[in-house]
1. Net charge near I122, counting Lys/Arg +1 and Asp/Glu -1 over other residues with Cβ under 14 Å of its Cβ?
2. Count the net charge of all other residues whose Cβ sits under 12 Å from the Cβ of V71, scoring Lys and Arg as +1 and Asp and Glu as -1.
3. To the nearest 0.05, what FRET efficiency results for S327 and F205 with a Förster distance of 22 Å applied to their C-beta separation?
4. Just to be sure I understand the model, the point goes 7 Å from the Cα along the line to the Cβ. What's the resulting M234 to K61 distance in nm?
5. Along the three principal axes, how long is segment 47-118 when you take its alpha carbons, biggest first, rounded to the nearest angstrom?
6. Measuring from label point to label point, each 7 Å out along Cα→Cβ, what is the I128 to R143 span in nm?
7. How charged is the neighbourhood of V54? Take every other residue with its Cβ under 13 Å from the Cβ of V54, and add Lys/Arg as +1 and Asp/Glu as -1.
8. Taking 56 Å as R0, compute the FRET efficiency from the Cβ-Cβ separation of I339 and A177 and round it to 0.05.
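None of the figures in this text is laboratory data; all of them are computed from the coordinates on show. These figures come from a predicted structure and were not determined experimentally. Here the Cβ is made from the backbone with ideal geometry for all residues, glycine too, and neighbour counts use every protein chain on show.
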Amino acid sequence: MTYVLLLVGLVILVVGAELLVRGSVTLAAFAGVSPLIIGLTVVAFGTSAPELAVSSVSSLKGDSEIALGNVIGSNICNILLILGISAVIVPLSVSSQLVRLDVPVMIASSVAVWGTAYDGAITRVEGILLFLGFILYTIYMIRKGRREEASRRSAIELEADFEAHPVLSVSQGILNAVYILVGLGMLVLGAQLLVDSAVKIATEFGISEIVIGLTIVAIGTSLPELATSVVAAMKGQRDLAVGNAVGSNMFNLMIVLPAAAVLSPAGVPVTTSVLWFDLAVMTMIALICWPIFISRATVSRFEGVVMLGLFAAYTAILIAEATKYGSVQTLKTGYSIVILPAVIVVVSIAALIHLRGGRSESAVAQSKT
C-alpha cells in the first residue's frame, strides 16, 4: 500500500502542477503580462512547484534530508536526464542569453549553496540570502525584458496590442481561478503522500532519507520539467527545453532550498558525504553546461547520450550505496574526482577549439571582403 500511495502522490503532484500552470498562465496572459514575465514567474514556479511542496512539507515534518536530497537530485535530473533525453530526441538550441547570464547565475548559485553547506548546515539566514539573490535576478530580468521589448516595438504597436487585447469572461476567470486553487491543493496533498511514503520505504529497507530524496523523490518531482522539455523539443521549441531546465535549477537553489531552510528550526543539515559528493557532483554538472552551451550554441545528440550515461552512472552509485553493494566510496571517488573533471576538461577543450576555429573563419572572411 505504501508503494501505491507513493505513486498516487507523484501523479497528484504532476496533475496539480499542470493545473496551476494552466490557470496562472491564462490569467496572466489576459491581464496583459508579457510572455517573458510569465516565463520567469508563473511557468518557472509551476514546473518547480512539486519540489517546493515536497521540500516544504519535509522540513515542517523534520525530514530535512529529503528536502535537501530532493533539490540536489532534481538539479542533477534536470541537466543530465531531462536535457539528455530532449537532446537525443532532437538537438537543442541554446540562446545567447542563457550563455551570457542564466548559466553563469546557475553556476554561481550552485557554488553559493555548496559554500553555505560547508559548515554542516544551511541556516535560515543563509536561506534568506539565497532568496534575496533570486529576487534581484528576477527584477533584473524583468527590467531587461521590458527594455528590449520597448526598443523593438513602437508606442503605436503597443497601443494597438492593448486595444486588441481579449477580454476574459467571468466564467473563464472563475474556471482558471479554480484551476489554481485545485492545483495548489493537489500539490500539498501529493507532497504529503510522497513524503510519508518515502519515509516509510526508507525506514522499512534501512535506506537513508537522503538517498530516497536523491532518487525516487527527485525524479518524481522532476516529471513536470521532463514533460515540458520533451514536449517543447518535439514541437521544435528547442531553446525552451534548455531554458526550462536551467530556470528550474535556479528556482530550486534560490527558492525551494531556502524555503526548506527557513521552515526547519535547525536549518537543513548537510552531512560530509553529501557535501563532498552529491553537492560537488551537482556543482560540477552545472559547470559542464557552460562549455557545452557556448561551443556551438547547441546540445547535440552525442552530448545528450553522454549526459544520460553520466546520469545512469550516478544513479547506479546511489543504488549501490542503498543496497550496500561493493565499495561505494571507491565508486564515488572515481565519479567525482576522475570522470566528471575529465568530462569538464574535454568539453572545455572542444569548446575552445570551436571558438578559435570560428574566429579564424571570421577573420578570413573579413580579409576577403
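1. Charge balance in the 14 Å sphere: -3.
2. Its environment carries a net charge of -3.
3. 0.60
4. Those two pseudo-labels are separated by 3.3 nm.
5. Its Cα atoms span 42, 27, 18 Å along the three principal axes.
6. Here the modelled spin labels are 2.3 nm apart.
7. Result for the local shell: -4.
8. On the way: r = 49 Å, r/R0 = 0.88.
Here the calculated transfer efficiency is 0.70.
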